[in-house]
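These notes are about the structure you will find just below.
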Amino acid sequence: MTLVWLIVLPLAAGVAAWSAGRRNPDWSRWICIAGLVVDLVLVAALWTGFTRISALSDHGSWFAAIHVKWIPSLGISFHLAMDGLSLLMVTLTVLLGLASVICSWTEIRERVGFFHFNLMAVLSGIIGVFLAMDLILFYVFWEVMLVPMYFLIAIWGHENRTYAAIKFFIFTQAGGLLMLAAIIGLAFVHVSETGTYTFNYFDLLGTMLGPRVGMLLMLGFFLAFAVKLPMVPFHTWLPDAHTEAPTAGSVILAGLLLKTGAYGLIRFVLPLFPDAVARFAPYAVALGVIGVIYGAVLAFGQTDFKRLVAYTSVSHLAFVLMGVFALNELALQGAVMQMIAHGLSTGALFVIAGMLQERLHTREFSRMGGLWSAMPRMGGVALFFALASLGLPGMANFIGELLVLMGTFQVYPLMVVPAAVGLVLAAIYSLSMMKWAFLGPTQKRLPLADLSPREMGLMMALAVSVVALGFYPQPVIRTAERTVKEVRMIGSRAKAPKGLSSMQGASLQSIAKRMAVPLPDKEGTP
């Protein structure tokens, strides 16, 4: 039941926080902290189980699961499972959930209980997305996380919050409906082959698809995940949502919701549609390169602190798109590392943006300047995460982007050149952000409070994580290794010409079965 508790505990804590917040707002905050700490303990226990299972060389990547029949007549089940990739993403979710509660401690003063309920509901939905192995269940969690995020933006956002919330909901809902159509289409194809209704991920692996049908179904999944990633040109909801969201909402958007799109590409698009992916890969990598440059150029042109950081997400997550569709192990490892690193560093930058707005009541660079002398600790922390974001060696972001570029170079060497220019542009807009906000002429203003112990503790925890993974990325690489290899095996088989297969004649179905490690009907070691 551990996987179920990972989802249920945040939601239960949110309900309790909503009720307690009517009496004392501080109670709702502490209840959420307690719920997430318990979730973190469960995650730590799962890490122990993963370490034990990973020592068995003949074991697949899945090490925990629960499988209960839900609607058996339609082949729908409550099926959760965890491998190294989902373990990493759930860990990131719980840690950034704690950061979101801490950073909103003094910012949210109205309807505090309801705020924390929505915050915890989003986290429950995100964890469900990272664990669901039934495609209908995955879609349910995909939709569950949208509604509370809509309320977070629409109720506790800033000036244009209603517009931003509606735009966010329309874009993501449209993508979700495309994915639902593709899920149903894939299930119908499987029924025509086997006569069995199922939405089980492992059963659907290896479903034989014609070139046209496979491409259409793949695009249904791809567009849903591309909107969430976000990929140019489906990114336009993101700057508005980030700019208007409260600080905790921005942290969850940047650190977690965007990662559900990247996760979906790795978990579902590559294994389920290998042949379509092989044909589509050059175009996806080209879209990634465009996103790197486009996001960087637009980031430099922003005058709003949060909007600048929002466009950096468009640029940095375009590296993830490149890494996924390079279809080799090195680039895929880089994509996973970039997902983790971006969540930590960009989440921290949004926390800093929220701290500045709370003190200055503005996000405009024109009303900043000279803040370093007034808040030296915040200036130092902001410089650290600006350097992390631009990919300074010794930071986790550098590892992720370097692996993506090295892996992509093996397949599309010409596309790496403009993508590498994006790293130079990142240095320009990141250092310009520091100049506009913290250096330059000092403006006349009331005395400003520097980072409090609570804020400093949060920023130090994020900084230590970024540096630790920058100098020693092996925990992330080893944890995702088996998942990445299995995904890459399917992709390489689909791309290999006849007679040149590196899999020595292994069929796509046999590779899919290797991924589909038998799972029990109740939680346990498969």
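Return yes or no: is Trp5 modelled with pLDDT of 90 or more, out of contact with any Leu (no Cβ under 9 Å at 6 or more places or on another chain) and part of a helix (DSSP H, G or I)? So Trp5 does not fit the description; no. Regarding region 87-101, can at least one residue be identified that is surrounded by fewer than 23 Cβ atoms within 10 Å (Cβ to Cβ) and among the small types (Gly, Ala, Ser)? For region 87-101, residues surrounded by fewer than 23 Cβ atoms within 10 Å (Cβ to Cβ) and among the small types (Gly, Ala, Ser): absent. So is Leu209 modelled with pLDDT of 95 or more and open to solvent by 20 Å² or more (accessible area, probe 1.4 Å) or not? For Leu209, the condition - modelled with pLDDT of 95 or more and open to solvent by 20 Å² or more (accessible area, probe 1.4 Å) - is not met. Report yes if Pro282 is more than 28 Å from Leu356 (Cβ to Cβ), open to solvent by 10 Å² or more (accessible area, probe 1.4 Å) and touching a residue at least 60 places away in the same chain (Cβ under 8 Å), otherwise no. Yes: the conditions hold for Pro282. Scanning region 266-276 for residues that are open to solvent by 30 Å² or more (accessible area, probe 1.4 Å) and either more than 24 Å from Pro418 (Cα to Cα) or more than 21 Å from the chain's Cα centre (by Cα) (or both) turns up at least one hit. Of everything in region 360-384 that is polar (S, T, N, Q) and open to solvent by 40 Å² or more (accessible area, probe 1.4 Å), the residue that is farthest from Gly394 (Cα to Cα) is Ser366. Among all residues of region 11-25, there is at least one that is closer than 17 Å to Phe141 by Cα, within 21 Å of the chain's Cα centre (by Cα) and in a helix (DSSP H, G or I).
The values are calculated or read from the model by the stated rules, or taken from the named source; none is laboratory data. What you are looking at is a predicted structure, and each value in this text was computed from that prediction instead of being measured. Using ideal geometry, Cβ is built from the backbone for each residue, glycine included, and neighbour counts are taken over all protein chains shown. Ligands, DNA and RNA are excluded from the accessible area calculation, which covers all protein heavy atoms including side chains. Shrake-Rupley method; radii C 1.70, N 1.55, O 1.52, S 1.80 Å.
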